[in-house]
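For reference, the structure discussed in these notes is given below.
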Amino acid sequence: MKLGFDLVVVGGGVGGVNAALTAKKARPSLSVAVVSHRPLTYPRPDLSAFIKNPSKFKEVKGYRPGELEAVGVKVFEGCRAVSVSSEDRIVQVEDASTSEKFRLEYDRMVMATGSLPAVPPVEGCSLPGVFTLKWYEDALAISRHIVPGMKACVVGAGIIGLEAAEALKSRGLKVTVVEALPFILGGFVEPDLAEKVAQSMAVHGVSLVKGSPIEGIYGREKAEYVLVDSGRLHVDLVVLAVGLRANTSLASQMGLSLSKVRAVKTDRMLRSSLDEVYAVGDSAETIDYVTGKAVYRPLGSIAAKAAEIAGLNVAGASETYDGFIRVQYDKLFELSLGSLGLTVREAQMLGVPAEAVEVSIKKQGYQPPLLPAKSTVKAVVEKGSDVVIGWQMVSYNHADAWPYWGSQLFLEAILERRKLSQLQEVKAD
């Protein structure tokens, strides 16, 4: 069987679905198909909620094939793109349930194959009782494995790892988080703010081991203990949350140019090294707004924005972008967290000398919501120029209004390249 489409989107995550819908809306005459071997997009932050409360699995919200079909987008769900001939512009597709194979011809393609969970290069990661946390099936498997009183080890202290730790603790498990770096939340907040999170973890009974990569996971028939340099951690359950890696095996087979981290390289129109192929989401690099440099940021918010640009361009536009700004919020261990732009560490890695300073809003004309007690707000600025390149806050009172208000103010400052002195008075650390 061979079918032809103006646009074939490979991947049914937020990037793929948004690209398909944007292209179809911009140019209704386009014939559009989405190939997705997994259920269509759903909110990744819901994974920890699924672990906390298994009944939440019934509330998974995402696009259904019928919703896309209703606007004229053909969906091949449960199907995998196994190969692509870029010369002939043909995608070989296999139906996972029937093993039937068929071909899709395309004029243009959006590569949105997403990411895969990174796994530490140590022994025992495939033992029963060891889980990754990337898809809702992972969260469901973890939830079904849980018995109150179990001992759990979460490997990785980024946002996903700490969300998992909080969820496991809420289910009555004894939880230890192991982080290879000497600090937690390295891509989210500065070390002193991260320490406030660590202190709250301790108050809630979650143990933390920093600066100690795991050396292996061991057991006869299932995971029984994790070896770290400080000794053995006896476990009934291990969750690996050490990051993501771009899923670009298909892109590599096509000959698309890849970055050092094996993500698809794209230009300011989200085109790959082949003009007729665009790439968005976790499988692709994007451009950082502050530095103009290529970065790999597997975030749903960035995937959605990139997909809109790619979708418009597939439909015939010539949209470009100056770069994306990371924007994230979370709630962990009774703390509200907000973060956007660059951290000091990331800025320095991208060649920008930076520092973080604690700030208070005093500028006439700005009337922020009342900032709760025990809250810390920081701005990241470029050394020498005082230009704002990032913002972070931690509040002990779940101050929902303040993270939103503060992030909007500082997002505007970053976009307009304002100096911190134009916004507020600075408090010395």
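The values are calculated or read from the model by the stated rules, or taken from the named source; none is laboratory data. Model, not experiment: these values are computed from the prediction. Backbone-built Cβ (ideal geometry, glycine too); neighbour counts: all protein chains shown. To get the accessible areas, we keep the full protein, side chains included, count just its heavy atoms, and leave off ligands, DNA and RNA. Shrake-Rupley method; radii C 1.70, N 1.55, O 1.52, S 1.80 Å.
Pick from the stretch 293-305 the residues that are touching a Phe, Trp or Tyr at 6+ places or on another chain (Cβ under 8 Å) and in a helix (DSSP H, G or I): which of them is surrounded by the most Cβ atoms within 10 Å (Cβ to Cβ)?
Here is the first cut: in the stretch 293-305, the residues touching a Phe, Trp or Tyr at 6+ places or on another chain (Cβ under 8 Å) are 297, 302, 305.
Okay, now just the ones that are also in a helix (DSSP H, G or I), so 302, 305.
Working: ILE302: 22, LYS305: 19.
Residue satisfying both the conditions and the ranking: ILE302.
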Checklist entry - Which of the residues spanning the stretch 209-240 are of a type outside the set (Val, Ile, Thr), in contact with a strand residue (DSSP E or B) (Cβ under 6 Å, 6 or more places away or on another chain) and within 26 Å of SER115 (Cβ to Cβ)? => result SER212, GLU215, GLY216, ALA223, LEU237, LEU240
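Hey, could you check the stretch 180-210 for residues that are small (Gly, Ala, Ser) and over 23 Å from the mean Cα position of the chain (by Cα) and say which is nearest to ALA379 (Cα to Cα)?
Narrowing the stretch 180-210 to residues small (Gly, Ala, Ser): 180, 186-187, 194, 198, 200, 202, 205, 207.
From what is left, the residues that are over 23 Å from the mean Cα position of the chain (by Cα) are 200, 202, 205, 207.
Details: SER200: 22, ALA202: 27, GLY205: 31, SER207: 29 Å.
This residue is SER200.
Just for strands (runs of 3 or more DSSP E) wholly inside the stretch 306-365: which have at least 3 residues that are touching a helix residue (DSSP H, G or I) at 6+ places or on another chain (Cβ under 9 Å) and over 17 Å from ARG418 (Cα atoms)? Don't jump to the end; show me each part of the working.
Numbers: elements: 327-332, 335-341, 354-360.
Correct list: 327-332, 335-341.
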Checklist outcome for this item: Filtering the stretch 96-114 for residues that are in a strand (DSSP E or B) and open to solvent by 30 Å² or more (accessible area, probe 1.4 Å) leaves a count of 5
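Just to be sure before I move on: is TYR296 within 25 Å of ALA413 (Cα to Cα), out of contact with any Cys (no Cβ under 7 Å at 6 or more places or on another chain) and either in contact (Cβ under 8 Å) with a residue 40 or more places away in the chain or of a type in the set (Ser, Thr, Tyr) (or both) in the structure I sent?
Numbers: within 25 Å of ALA413 (Cα to Cα): yes; out of contact with any Cys (no Cβ under 7 Å at 6 or more places or on another chain): yes; either in contact (Cβ under 8 Å) with a residue 40 or more places away in the chain or of a type in the set (Ser, Thr, Tyr) (or both): yes.
It is true that TYR296 is within 25 Å of ALA413 (Cα to Cα), out of contact with any Cys (no Cβ under 7 Å at 6 or more places or on another chain) and either in contact (Cβ under 8 Å) with a residue 40 or more places away in the chain or of a type in the set (Ser, Thr, Tyr) (or both).
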Checklist entry - Which pairs do you get when a residue that is touching a residue at least 24 places away in the same chain (Cβ under 8 Å), found in the stretch 137-157, comes within reach of a residue that is open to solvent by 10 Å² or more (accessible area, probe 1.4 Å) and among the polar types (S, T, N, Q), reach meaning Cβ atoms under 8 angstrom, with the pair 6+ apart or on two chains? => result ASP138/THR132; ALA139/SER48; LYS151/THR176; ALA152/THR176; CYS153/THR176; VAL154/THR176
